[in-house]
Amino acid sequence: MPEDLMQSPLSKNRVFRFAPSPNGLLHLGHALSAILNHDLAAACGGRFLLRIEDIDPARSRPEFEAAIYRDLAWLGLDWERPVRRQSEHLAFYAEALERLKEMGVLYPGFLSRGEVKARVEAHEAAGGVWPRDPDGAPLYPTEERGLDRAQALALIEEGRQHAWRLDMERARALAPAALDWSESGEGPEGETGTVAARPERWGDVILSRPDAPASYHLAVVLDDAAQGITDVVRGQDLFHATAVHRLLQCLFGLPAPRYTHHGLVPGPDGRKLSKSNQDTGIAAYRGKGVSPAGIRTLLAGYGFVLH
């Protein structure tokens, strides 16, 4: 096991974190998560950490990282230094992936998005129903789970593009039958309390691909454990993904944080905010003369309770 993932109980002092990706400007939804984590940590005498999730080099840009620091400081938030940056821990993720390979729960998937899309369209055109994940994306076909190891390695050596996928069936068999998490907030359907985790709904998720050495699912689980995070406070759009995170925590023998999922700030069209809509960016509000207190007032106007 990687040295900074020594198996230890959760810290007695509660630890919160805000973990944005530097691929765009922060918006009101980010402000909500950052403020909630910061204020909850302050209220209980805990710690507030900032993590930069720059695992995707193609989309991460230094000017956006600088903007994150600037926007959070303007909001009046402070965080511990140094900041953990995912791009500085690639060997850490690689070592964890090797452990999963040794457990026999990873396999290389060679089908491209286009090939999967064509299969789905043909299947559904013939009247079939293709299974989809909680976000509505079609599940990856499973026939490569049993691909001969030597044959798979030969394809990789030939330069075939591939992604390392979690064999959900094998992984689920290694985890407790009753897999759940403690939810202090609520899911999209009002789920709260002890929530049953159903990672199989996500199918064989990607844990690593050539352009991103660790997927969000893998990196967030490892980073939370390495930083001793006790409380994960984030938007409801990640509620169902918690099932995959609980499965990975079990595979690695890691403790489970407490989870609190909050509602999402709606955009002008009523949908989830996007970094591409700069009108709702924190910088845009600052440019219009809105104060940090005004941002809190805006969020309270949407019904969010800030501490």
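Would you confirm whether or not the stretch 256-263 contains a residue that is of a type in the set (Phe, Trp, Tyr), outside any loop (DSSP other than H, G, I, E, B), farther than 16 Å from Trp181 by Cα and in contact (Cβ under 8 Å) with a residue 12 or more places away in the chain? Checking the stretch 256-263: not a single residue is of a type in the set (Phe, Trp, Tyr), outside any loop (DSSP other than H, G, I, E, B), farther than 16 Å from Trp181 by Cα and in contact (Cβ under 8 Å) with a residue 12 or more places away in the chain. What do you reckon, is Phe92 closer than 13 Å to Ile206 by Cβ and either surrounded by 11 or more Cβ atoms within 10 Å (Cβ to Cβ) or hydroxyl-bearing (Ser, Thr, Tyr) (or both)? So Phe92 fails the test. Quick check on my filter: what residues within the stretch 291-305 are open to solvent by less than 40 Å² (accessible area, probe 1.4 Å) and not in a helix (DSSP H, G or I)? Of everything in the stretch 291-305, just one residue is open to solvent by less than 40 Å² (accessible area, probe 1.4 Å) and not in a helix (DSSP H, G or I), namely Phe304.
Remark: pairs (first residue in the stretch 67-90, in contact (Cβ under 8 Å) with a residue 60 or more places away in the chain and within 17 Å of Ala293 (Cβ to Cβ); second residue β-branched (Val, Ile, Thr) and part of a helix (DSSP H, G or I); Cβ separation under 8 Å; 6+ apart in sequence or on different chains) = Asp71/Ile282; Trp74/Ile282; Leu75/Ile35; Leu75/Ile282; Leu75/Ile295.
Looking across the stretch 236-283 at every residue that is at pLDDT below 95 and of a type in the set (S, T, N, Q), the one that is nearest to Leu75 (Cα to Cα) is identified as Thr280. Within the stretch 117-135, being within 28 Å of the chain's Cα centre (by Cα) and either charged (D, E, K, R) or at pLDDT below 95 (or both) holds for Lys117, Arg119, Arg132, Asp133, Asp135.
Of the numbered criteria (1) surrounded by 12 or more Cβ atoms within 10 Å (Cβ to Cβ); (2) out of contact with any Asp or Glu (no Cβ under 8 Å at 6 or more places or on another chain), the one Val105 fails is (2). Put simply, of Ala150, Ala66 the only residue that is part of a helix (DSSP H, G or I), within 30 Å of Phe16 (Cβ to Cβ) and open to solvent by 30 Å² or more (accessible area, probe 1.4 Å) is Ala66.
Is it the case that Asp223 is open to solvent by 30 Å² or more (accessible area, probe 1.4 Å), under 25 Å from Phe48 (Cα atoms) and either modelled with pLDDT of 95 or more or assigned to a helix (DSSP H, G or I) (or both)? Taking the combined requirement at face value, the residue does not satisfy it. Please verify whether the stretch 254-262 includes one or more residues that are open to solvent by 50 Å² or more (accessible area, probe 1.4 Å) and either more than 20 Å from Glu53 (Cβ to Cβ) or not polar (S, T, N, Q) (or both). There is at least one residue in the stretch 254-262 that is open to solvent by 50 Å² or more (accessible area, probe 1.4 Å) and either more than 20 Å from Glu53 (Cβ to Cβ) or not polar (S, T, N, Q) (or both). Every condition in (1) of a type outside the set (A, V, I, L, M, F, W, C); (2) without any contact (Cβ under 8 Å) to a residue 24 or more places away in the chain; (3) touching a Pro at 6+ places or on another chain (Cβ under 9 Å) holds for Asp148 except the one numbered (3). Restricting attention to the stretch 5-52, the residues that are in a strand (DSSP E or B), under 16 Å from Thr230 (Cβ atoms) and modelled with pLDDT under 95 add up to 0. Among the residues of the stretch 198-212, the ones that are surrounded by fewer than 22 Cβ atoms within 10 Å (Cβ to Cβ) and in a loop (DSSP other than H, G, I, E, B) come to 4 in all. Residues that are touching a residue at least 60 places away in the same chain (Cβ under 8 Å) and surrounded by fewer than 16 Cβ atoms within 10 Å (Cβ to Cβ) were ranked within the stretch 171-186; the one that is farthest from Glu143 (Cα to Cα) is Ser184.
The values are calculated or read from the model by the stated rules, or taken from the named source; none is laboratory data. If you're wondering where the values come from, they're calculated on a predicted model, not measured in any experiment. Using ideal geometry, Cβ is built from the backbone for each residue, glycine included, and neighbour counts are taken over all protein chains shown. Ligands, DNA and RNA are stripped out before the accessible areas are found, and what is left, the full protein with its side chains, is counted by its heavy atoms. Shrake-Rupley method; radii C 1.70, N 1.55, O 1.52, S 1.80 Å.
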